[in-house]
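Notes for the one structure printed next.
Here, each number is a calculation from the coordinates, and none is a lab measurement. Here the structure is a predicted model, which is why all the values come from computation and not from measurement. Note: ideal-geometry Cβ built from the backbone for every residue, glycine included; neighbour counts use all protein chains shown.
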Amino acid sequence: MDQIVRAVSADGFVKISAVTARDAVERARQIHDLSPTACAALGRTLCGASMLGELMKEDDASLTIRVNGGGPAGSVIAVSDSDGNVRGYVTNPQADRPARADGKLDVGGLVGRDGMLTVSRDIGLKEPYVGSVELVTGEIGEDLAQYMVESEQIPSAVGVGVLIDTDRTVKAAGGFIVQLMPGAPESLIETLESNILFMDQLTTVLDEDGIDAVISQVMFTLDPREAERHPIEYRCSCSRERVAAALRSVGTDELRSMAAEGRDTEVSCQFCDKVYEFTPEELEARAAQPPEER
């Protein structure tokens, strides 16, 4: 079962969020027919968005991560609500790259490194809070860690990973974000760095031992105490009403042109596999409405 777990060290100086998201990433793969490397890129971004989104305190808040490094994948987009439920897509879902020399998927090569990672937090105010950093590697984890340091001013380590099986399905997916709290002694940095350096490969731990083992290895010797645990899923918030509202952006002339074709117009949600149909009469009626009422 996909879930997020949060824990705090016994001394209160280190907190960790960890997520296991195999089902959510597999759902994304099925919806978008992702290549293995594109699946890894989106899956890592979904895991990062889920953990960051779940840390938001506002009930109706949402968080969006956009990664564009100029690579074949185009943009990688992931959105999370404040419970860690996610959705996302890749501009070029079929784009792929040969494996690296070490046999791992070349996510950095597919995403590219000449661009930005942007995080938008919408907490219901007039404008969302937006922070951006230049990409470090395009591998997502290191880039998210850089964002946490530069934009959030929080010393953090981030690990995200996706394991693709031989049949191209998702075998494991998840990640962790570990952060130092104010006043934490410098020695804790060395402890965490050593724990992360010598821990087993993230996706192997998730696949073989589960999310609790991830926390145990990252927080080794720090006596972590569980603070919260709850399920997450791939969840799209689209509806016919929202899609209809989005049609206003095409303009009156385009709506009337679509209606004049005399057949139903299909509009697909970019995050999920749902298709909404609008009749010519519905399009004409929307075109006749004043812009503020569409």
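Quick look at the values:
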item	result
Reachable aspartates and glutamates, given that their alpha-carbon falls under 13 Å from the alpha-carbon of Lys57 and they are not under 8 places away in the same chain	Asp81, Asp83, Asp122
Rounded to whole Hz, the Karplus (6.51, -1.76, 1.60) HN-Hα couplings of region 30-46, x for glycine and proline	5, 4, 9, 6, 6, 5, x, 6, 5, 5, 5, 5, 5, x, 4, 5, 4
Residues Leu192, Leu163, sorted so that the one with the fewest Cβ neighbours within 10 Å comes first	Leu163, Leu192
Whole-number D in µm² s⁻¹ for region 176-287, Kirkwood Cα-pair radius fed into Stokes-Einstein, 10 °C, 1.306 mPa s	84 µm²/s
Orientation-averaged projected area, Cα convex hull of the chain (nm²)	17.0 nm²
Label point 7 Å beyond Cα of Asp33 along Cβ direction - residues of region 92-126 with amide nitrogen under 17 Å	92-96
Three-way shape label, region 240-293, alpha-carbon gyration tensor, a/c 1.5	oblate
Mean residue ellipticity (222 nm) of the chain, computed from DSSP H runs ≥ 4 via -39,500 (n - 2.57), nearest 500	-9500 deg cm²/dmol
Peptides 236-246, 84-94 ordered by average Cβ neighbours within 10 Å, highest first	84-94, 236-246
Sequence ranges 48-55, 253-260, 122-129, ranked by mean other-Cβ count within 10 angstrom, highest first	48-55, 253-260, 122-129
